[in-house]
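The values are calculated or read from the model by the stated rules, or taken from the named source; none is laboratory data. Here the structure is a predicted model, which is why all the values come from computation and not from measurement. A quick note on method: Cβ atoms are made from the backbone with ideal geometry, for glycine too, and the neighbour counts reach across all protein chains shown.
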Amino acid sequence: MITNGYCNVEELQAAIDPEGAASFAGGDRENMEIAIEAASRWIDEYCGTWFYASSETRYYTADWHDLVYIDDLLSVTTLKTDDNGDGVHETTWAATDYIPEPRNNPLRSRPYRQLRVNVNGVNAFPRDVVDGVEITGSFGYSTAAPLNVKQACLLIAHRLYRRKDAIFGVAGTPGLGVTVIQAKIAADSDVQQLLQAIDTRRV
């Protein structure tokens with residue numbers, strides 16, 4: 001079973017055998033699921049983010065009273081602050097007290113990367129209080145994988161799946177001769193180009 005994969009087994013099978021002539025055994029499906037999840041997590045590490053919504057509570061230290069930098073955020077459920085550094089986040093902010101930024105990022109299918117104090121609000125971030133800002137919300141770059149991420153996942157998962165037939169990097173295929181399978185995914189220029197399109201800038 002795949003958890004938060006960026007493609008599914010049927011899509012990978014179609015990439016491996018576009019004509020639909022191949023017959024895949026039960027063990028093949030399990031290997032494909034493992035390859036897809038491994039490829040998806042590799043993409044997360046490569047990009048420094050993930051492409052699904054994860055409900056979490058996270059903590060941040062604000063360097064300014066009016067601004068705090070955060071991880072990729074899709075929406076805020078609650079925002080609280082520890083105003084006196086006692087480890088208790090006693091102040092709950094109203095949604096009108098802060099502004100998620102960049103404001104237009106959702107229109108571009110991109111996440112928020114910072115929260116700014118609304119000048120009409122009543123609160124300020126506790127400057128230099130370690131973990132003074134508590135955010136509960138939906139974190140991630142997007143709720144679903146963009147097409148370039150899906151395509152990169154298919155390429156990587158295809159390669160990982162084929163490695164079972166080429167444990168040392170070389171496979172003999174009847175009728176096709178010898179196929180060299182690169183071990184280093186990061187060396188794949190197509191994967192690099194697809195994932196470099198992901199905007200990881202903080203502002």
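Please indicate, with yes or no, whether at least one residue in the range 71-84 is surrounded by fewer than 13 Cβ atoms within 10 Å (Cβ to Cβ) and not hydroxyl-bearing (S, T, Y). Yes, some residue in the range 71-84 is surrounded by fewer than 13 Cβ atoms within 10 Å (Cβ to Cβ) and not hydroxyl-bearing (S, T, Y).
Taken over the range 3-55, the criterion of being within 24 Å of G140 (Cα to Cα), of a type outside the set (A, V, I, L, M, F, W, C) and outside any loop (DSSP other than H, G, I, E, B) is satisfied by E11, E33, E37, S40, R41, D44, E45, Y46, S54, S55. Where strands (runs of 3 or more DSSP E) sit wholly within the range 105-203, those with at least 2 residues that are modelled with pLDDT of 90 or more occupy 112-117, 133-139. Taking (1) within 30 Å of G5 (Cα to Cα); (2) in contact with an Asp or Glu (Cβ under 8 Å, 6 or more places away or on another chain); (3) crowded, with 16+ Cβ neighbours inside 10 Å in turn, V117 satisfies each apart from (1).
For beta carbons closer than 9 Å, sequence separation of 6+ or different chains, a first residue in the range 96-112 that is assigned by TED's automatic domain parsing to the domain that holds V68 and a second that is part of a helix (DSSP H, G or I), the qualifying pairs are P100/P106; P102/R108; P111/N105; Y112/N105; Y112/P106. The lone criterion from (1) more than 28 Å from N148 (Cα to Cα); (2) in contact (Cβ under 8 Å) with a residue 40 or more places away in the chain left unmet by E90 is number (2). Considering only the range 18-70, state which residues are surrounded by fewer than 15 Cβ atoms within 10 Å (Cβ to Cβ) and touching a Gly at 6+ places or on another chain (Cβ under 7 Å). Scanning the range 18-70 gives a single hit, S54. Screening R41 on (1) of a type outside the set (F, W, Y); (2) free of Cβ contacts under 8 Å to residues at least 60 places away in the same chain; (3) in contact with a Leu (Cβ under 6 Å, 6 or more places away or on another chain) shows it passes everything except condition (3).
Going by the conditions given, is G137 within 30 Å of E45 (Cβ to Cβ), within 18 Å of the chain's Cα centre (by Cα) and surrounded by 16 or more Cβ atoms within 10 Å (Cβ to Cβ)? Considered against the rule, which asks whether it is within 30 Å of E45 (Cβ to Cβ), within 18 Å of the chain's Cα centre (by Cα) and surrounded by 16 or more Cβ atoms within 10 Å (Cβ to Cβ), G137 comes out as yes.
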